[in-house]
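This report refers to the structure that appears directly beneath it.
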Amino acid sequence: MTVSLEQLRRCHVAVDLGAARTRVYIKGLGLVVDEPSAAAMNTRTGSLIAVGTLAEQMTGRTPDYIRVVRPVTGGTVIDIEMAQRMLRQLLGEKLRRQLRRKPRMRAAACTPHDSDPLAQRATVETLVGLGARRVELVDTLIAAAVGCGLPVEQPTASMIMVCGAATTQIAVLSLGSIVTAVRIPIGGDAIDHAVIQHLRQHHELMLPSQAVRPLQVALSGGALTAHGPATTEIHGRDVATGLARSVHVDTAAVQQAIHAPLTAVLDGLGKILRDCPPDLVADIADCGIMMVGGSALLPGLDQMLRKATGVPVHIAERPDVCSVLGLGAMLDGKIQPLVLDPLAC
Ligand SMILES: Nc1ncnc2c1ncn2[C@@H]1O[C@H](COP(=O)(O)OP(=O)(O)OP(=O)(O)O)[C@@H](O)[C@H]1O
Ligand SMILES: [Mg+2]
């Protein structure tokens, strides 16, 4: 599937439906939605109770008849109807009315690299249900590269690593196209899971999923690097008694636990560099790897990659919103049509 910049310029809205967060950019308005991809529903009546941040806060705290669902998993819409209802609520009446005013509303969406036709179809159907007459799909890697300001249209290699919640995508881009790319089904969620499992197995401590981020911040600088505190105090719930308890966690052991899922990412990075023509590898050695996506903010991840590859590693200015901002820039016509035409998806 290919889409030209001209077609993208005719779109009114850009959507990035992620496993963790949903982002919407409206032409002329900018980024209008950046909320968790979650919806809380009443299973007795089928009605929606909350979406976004509020629904995410309800996770694990609801009575039986309320269920928090995630309509996007692994970068793919798995529940089209729920995704549409969630998007409608997230947009709100005011923005929906604004979009309804466009007689032939066109939407653009980013899809993970190498996503299968069924996954692409699900994204298209979701947006058609919202009133889009036509939906253009753009590879997340291209959108993110544009969004973080990489010189993708230049005849030099740019290496990008999109670290999402469900997947990590790595690519080398040159002259507006993907030279080589890989998608690894490991992301921030797998890292969170590794930390939770470590505390459960070695400390008999249950950690609510929402407490993982503060733990990562507490371990900041120590979790993935050799420096930092030797132990950190963590509060959780005893697996056997169910009572609140705190333990002193060895940061080196957490470092090992986090490394396990990251091995697949390092393998993917090595494969990309091996598959890349020598001239482009020389460019990457100079310019380095650009990290985008929410998980790029994982403390110490950039240092670990720098150590493993020996090339400079940079984190984009607003790594989590790069993909949708890149799509937005294409909608706004801020991209030179010189070589980014067409964009292979
Ligand atoms: N400050 C932070 N430190 C560590 N991890 C973070 C931080 N901020 C966000 N994350 C992680 O980033 C992930 C969300 O990133 P992002 O918003 O790019 O995902 P997504 O686009 O919804 O997912 P995907 O692209 O895989 O579908 C979550 O796993 C979250 O835990
Ligand atoms: Mg994403």
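The values are calculated or read from the model by the stated rules, or taken from the named source; none is laboratory data. Since the model is a prediction, treat every value here as computed from it, not as a measurement. Here the Cβ positions follow ideal geometry from the backbone for every residue, glycine too, while neighbour counts run over all protein chains shown. Heavy atoms of the whole protein, side chains included, go into the accessibility calculation; ligands, DNA and RNA do not. Shrake-Rupley method; radii C 1.70, N 1.55, O 1.52, S 1.80 Å.
For the reader, a short list of remarks on this structure follows.
- Packing-based ranking, highest mean first, of 103-109, 252-258 given that Cβ atoms within 10 Å are counted: 103-109, 252-258
- Charge dipole magnitude, Cβ of K and R +1, D and E -1 - the chain, Cα centre, debye nearest 20: 1500 debye
- Rough spin-label spacing in nm, given labels placed 7 Å along Cα→Cβ, for Leu54 and Ala308: 4.0 nm
- Max-minus-min Cα coordinates of the stretch 231-275 on each principal axis give 52, 20, 10 Å, with the largest extent listed first.
- Asn42 paired with Ile66, simple spin-label distance in nm, labels 7 Å along Cα-to-beta-carbon: 1.1 nm
- Calculated FRET efficiency for the pair Ser177/Ala260, C-beta based, R₀ 41 Å, to 0.05: 0.75
- The portion of the accessible surface of the stretch 95-164 made up by carbon and sulfur, rounded to a whole percent, is 48 (1.4 Å probe; DNA, RNA and ligands excluded).
- Accessible area (Å², per residue) of the chain, counting only protein heavy atoms and a probe of 1.4 Å: 46 Å²
- Extended-chain gain in nm, criterion 0.36 nm per residue less alpha-carbon gap, Val128 and Lys271: 47.8 nm
- Loop-located trypsin sites (Lys or Arg not before Pro) in the stretch 16-83 (DSSP state not H, G, I, E or B) with no more than 11 neighbouring Cβ atoms inside 10 Å: Arg44, Arg61.
- Simple spin-label estimate for Asp279 and Thr231 in nanometres, 7 Å along Cα-Cβ: 5.7 nm
- Dipole-positive endmost among Ile289, Ala165, Pro278 within the chain (Cβ charges, Cα centre): Ala165
- What the phi angles of the stretch 281-289 give under the Karplus curve with 6.51, -1.76 and 1.60, with θ = phi - 60°, is a coupling list of 4, 4, 4, 5, 4, 7, 8, x, 10 Hz, glycine and proline written as x.
- Stretch in the chain that is longest and holds no GluC sites (Glu not before Pro) that DSSP places in a loop and that have at most 15 other beta carbons within 10 Å: 1-203
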